[in-house]
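Enquirer: Before we start, here is the structure in question, set down as structure tokens.
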Ligand code: CTP
């Protein structure tokens with residue numbers, strides 16, 4: 001799936017050492033289906049060559065407002081009119097100051113002033129420059145002018161210092177550009193999500209878990225942030241990266257056992273939607289051993305189980321109504337090997353929740369693809385096989401309408 005299909009992006013580059021990462025950003029935007037038109041400041045050409053950017057994007061690279069190859073010599077109008085967004089990475093302190101004042105003394109700044117499309121800036125500078133009152137004034141002005149800032153991050157800087165001002169990584173920028181274009185159906189909403197498997201320890205080295213990869217839950221978390229929500233993600237053991245972490249719109253708590261997950265969920269309050277995506281163990285080990293259990297002769301040890309709390313059921317018990325709608329709106333998941341529709345409908349009744357989403361075919365564990373069956377008060381409907389992120393976006397649209 002390409003999330004930027006048919007999008008035309010003007011990729012601006014200003015003068016800063018982080019420009020060495022911009023070719024990789026161009027490549028990632030193009031992999032997502034965007035067409036990329038590069039415009040560079042004079043200073044940027046000291047860090048990365050126009051030839052590199054031209055070879056990568058397959059488009060001519062503009063560096064001067066006096067380029068006679070553009071009709072009527074109106075590059076500043078022409079380039080911005082055709083664009084869905086201008087993304088500038090890196091955006092230097094100098095460029096940000098200039099744009100915040102509406103100055104237009106080269107092609108890139110003129111393009112920004114003449115644009116009628118969104119402008120996204122990815123700041124990159126030394127931490128002292130970022131913290132300077134003048135730069136912070138620029139940030140405020142730019143935000144007032146509805147310019148979107150992506151980052152900066154904190155960390156090691158090219159100058160050897162550590163602090164705020166580091167440019168986001170190309171993958172983080174691409175992820176945020178994609179998010180920018182998604183419909184904001186959950187703006188101002190808070191979403192709680194459980195994801196992944198749980199692990200029930202038998203002793204310090206052994207335990208019982210399941211095949212859940214966490215991919216569906218993480219895809220829903222990403223789609224919810226893309227839709228404008230604030231997300232709390234409670235993840236069982238899985239090594240997936242937190243989606244859209246750099247936005248600050250997602251907080252992640254890692255847990256191991258079902259009981260830890262139960263505690264983490266009940267610790268949270270005041271959220272609009274609860275997606276119970278985790279494959280939670282129904283039983284825990286009654287008395288996990290503190291020491292590794294040694295083999296004793298030929299006899300296998302017997303393990304006593306105890307029932308784990310049902311997290312979704314406990315959240316469902318707390319549901320109130322807000323504006324005539326259930327609050328939080330609870331969505332359960334079902335992975336069945338037979339009779340998915342009947343089991344999903346039964347779960348919905350038994351847990352007293354408005355929606356259950358079934359995974360069609362349990363071979364989807366670990367896969368990037370899935371196929372869903374949504375069971376709600378109107379009956380059931382299939383969401384055709386697609387990448388989990390695409391399904392997650394469709395699910396978010398569906399649930400956003402319910403609340
Ligand atoms: N769930 C939960 N806490 C548990 C068990 C399940 O929150 N202790 C949630 C899952 O995240 C999922 C839904 O409940 O959203 C699954 O329902 P359930 O019937 O409990 O799942 P299974 O144990 O797979 O069902 P069954 O044993 O009936 O097949």
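The values are calculated or read from the model by the stated rules, or taken from the named source; none is laboratory data. All figures in this text were calculated on a predicted structure; none of them were measured in a lab. Cβ sites come from the backbone with ideal geometry, for glycine too, and all protein chains shown count toward neighbours.
Enquirer: Pick from 49, 22, 41: which is touching a strand residue (DSSP E or B) at 6+ places or on another chain (Cβ under 6 Å) and modelled with pLDDT of 95 or more?
Expert: Just one listed residue meets the conditions, 22.
Enquirer: Scanning for something free of Cβ contacts under 8 Å to residues at least 40 places away in the same chain and under 26 Å from residue 29 (Cα atoms), does region 87-94 turn up at least one residue?
Expert: If we filter region 87-94 for residues that are free of Cβ contacts under 8 Å to residues at least 40 places away in the same chain, which is where we start, we get none.
No, the conditions are met nowhere in region 87-94.
Enquirer: Continuing with the same structure: Give me the residue from region 328-341 that is closer than 26 Å to residue 186 by Cα and within 11 Å of the ligand (Cβ to nearest atom) and, out of that set, surrounded by the fewest Cβ atoms within 10 Å (Cβ to Cβ).
Expert: We begin by selecting, within region 328-341, every residue closer than 26 Å to residue 186 by Cα; these are 328-334.
Checking which are within 11 Å of the ligand (Cβ to nearest atom) leaves us with 330-334.
Numbers: 330: 24, 331: 25, 332: 24, 333: 24, 334: 18.
Checked region 328-341; the qualifying residue surrounded by the fewest Cβ atoms within 10 Å (Cβ to Cβ) is 334.
Enquirer: Let me ask something additional. What's the number of the only condition in (1) crowded, with 16+ Cβ neighbours inside 10 Å; (2) without any contact (Cβ under 8 Å) to a residue 24 or more places away in the chain that residue 239 fails to meet?
Expert: Exception for residue 239: condition (1).
Enquirer: Does residue 325 fit the bill of being away from the ligand (no atom under 12 Å from the Cβ) and either more than 28 Å from the chain's Cα centre (by Cα) or within 23 Å of residue 214 (Cα to Cα) (or both)?
Expert: Considered against the rule, which asks whether it is away from the ligand (no atom under 12 Å from the Cβ) and either more than 28 Å from the chain's Cα centre (by Cα) or within 23 Å of residue 214 (Cα to Cα) (or both), residue 325 comes out as no.
Enquirer: Give the number of residues within region 142-162 that are surrounded by fewer than 16 Cβ atoms within 10 Å (Cβ to Cβ) and over 17 Å from residue 180 (Cα atoms).
Expert: Result for region 142-162: 9.
Enquirer: With the requirement that a residue be away from the ligand (no atom under 16 Å from the Cβ) and buried (at least 18 other Cβ atoms within 10 Å of the Cβ), what does region 253-290 give you?
Expert: Of everything in region 253-290, just one residue is away from the ligand (no atom under 16 Å from the Cβ) and buried (at least 18 other Cβ atoms within 10 Å of the Cβ), namely 272.
Enquirer: Read through the list (1) touching a helix residue (DSSP H, G or I) at 6+ places or on another chain (Cβ under 7 Å); (2) within 19 Å of residue 281 (Cα to Cα); (3) at pLDDT 95 or above, then give the number of the only condition that residue 306 fails.
Expert: Unmet condition: (1).
Enquirer: Which of the helices (runs of 4 or more DSSP H) found entirely inside region 110-219 contain at least 3 residues meeting this: in contact with a helix residue (DSSP H, G or I) (Cβ under 7 Å, 6 or more places away or on another chain)? Walk me through it before giving the result.
Expert: Details: elements: 127-131, 133-144, 170-180.
Where helices (runs of 4 or more DSSP H) fall fully within region 110-219 and carry at least 3 residues being in contact with a helix residue (DSSP H, G or I) (Cβ under 7 Å, 6 or more places away or on another chain), they are 133-144, 170-180.
Enquirer: Quick one: would you say residue 123 is within 27 Å of the chain's Cα centre (by Cα) and over 19 Å from residue 15 (Cα atoms)?
Expert: No; evaluated as a whole, the condition is false for this residue.
Enquirer: In region 365-386, what count of residues is obtained for those that are free of Cβ contacts under 8 Å to residues at least 24 places away in the same chain and within 16 Å of the ligand (Cβ to nearest atom)?
Expert: Result for region 365-386: 1.
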